[in-house]
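Only the coordinates and a few stated rules stand behind these numbers; no lab work does. The model shown is predicted, which means the values in this text are computed figures rather than measured ones. Counting neighbours? That spans all protein chains shown, and the Cβs are built from the backbone with ideal geometry, glycine included.
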Amino acid sequence: MVRGKREMKRIENATSRQVTFSKRRKGLLKKAFELSVLCDVEVALIIFSSGGKLYEFASSSMLSAIERYRAHSREDSISTKMEQDIEGGEYEAAWISKRIELIEASKQKLLGKNLGSCSLDELHELEGKLEESLHSIRERKYHLLQEQMAQLKEKERSLTKENESLREKYLKCKGLAKSPTATLGEGVAHNGAVQHSDVETKLCIRCPGRGTYS
């Protein structure tokens, strides 16, 4: 009797489904055992029935097989991520390189070079950009000049104030430098002159053998 090919879909009859599961489960476990023995490989097989019952087979240890699987999965994940990062880095590097080329070409045009390939509209656009740049440069220059002038005026006021302070100190020191002894001498000389002016001076002329004439 030739067995027909079974259609790969869920078996609707519960009894037939359970019988098929039992037969094929045993066959699968047997094949896993034979594969581990014949090929000297580590095999781990885990099966959960529709009712939640666990069936398993491990050629060595199920825990060691699971740990080995996890470590291998982590390595694969890291390797995949590295490959993705490399591909992303290459794409980003190519994009940056292209942007640099465009910026360099625009820079050359702003400097008045390589204008032969520019159309009239491109030249108008370039002229507008240059005018905007020149306007911004002039505004910045004016702002810096205003700041510099304000700083110079503030410095001038500070120097003027400092000069006035030094002048006051100089005049004060000059007044204190006048000696008290000199002042006292001037007073004594002045008093002597006053006293001398109060004395009446009388001149007497006398010849020998004669009287005195005043």
Where a Cα-Cα gap under 25 Å defines reach, which lysines qualify for residue 155, not counting those fewer than 8 residues away within the same chain? 141, 169
Simple spin-label model, 7 Å along Cα-to-Cβ: residue 16 to residue 64 in nm? 4.4
Residue-ordered couplings for the stretch 71-88, obtained by feeding phi - 60° into the Karplus form 6.51 cos²θ - 1.76 cosθ + 1.60 and rounding to whole Hz (Gly and Pro as x), are 4, 5, 5, 5, 4, 5, 5, 5, 4, 5, 5, 5, 4, 5, 5, 5, 4, x
Would you kindly derive the ³J(HN,Hα) couplings of the stretch 141-155 from the backbone phi angles with the Karplus curve 6.51 cos²θ - 1.76 cosθ + 1.60 (θ = phi - 60°), listing them in order in whole Hz, with x for Gly and Pro? 5, 4, 4, 5, 5, 4, 5, 5, 5, 5, 5, 5, 5, 5, 5
Qualifying trypsin sites (Lys or Arg not before Pro) for the stretch 81-144 [loop in DSSP, other Cβ within 10 Å: at most 15]: 113
Report the one residue of 103, 50, 65 whose Cα lies farthest in the direction of the positive end of the charge dipole of the stretch 14-122 (charges on C-beta: Lys and Arg +1, Asp and Glu -1; origin at the Cα centre). 50
For the stretch 92-103, Karplus couplings with θ = phi - 60° (6.51, -1.76, 1.60), whole Hz, Gly/Pro x: 5, 5, 5, 5, 5, 4, 5, 4, 4, 4, 5, 5
Quick one: which of 9/30; 153/174; 30/53; 26/53 span more than 21 angstrom between C-alpha atoms? 9/30; 153/174
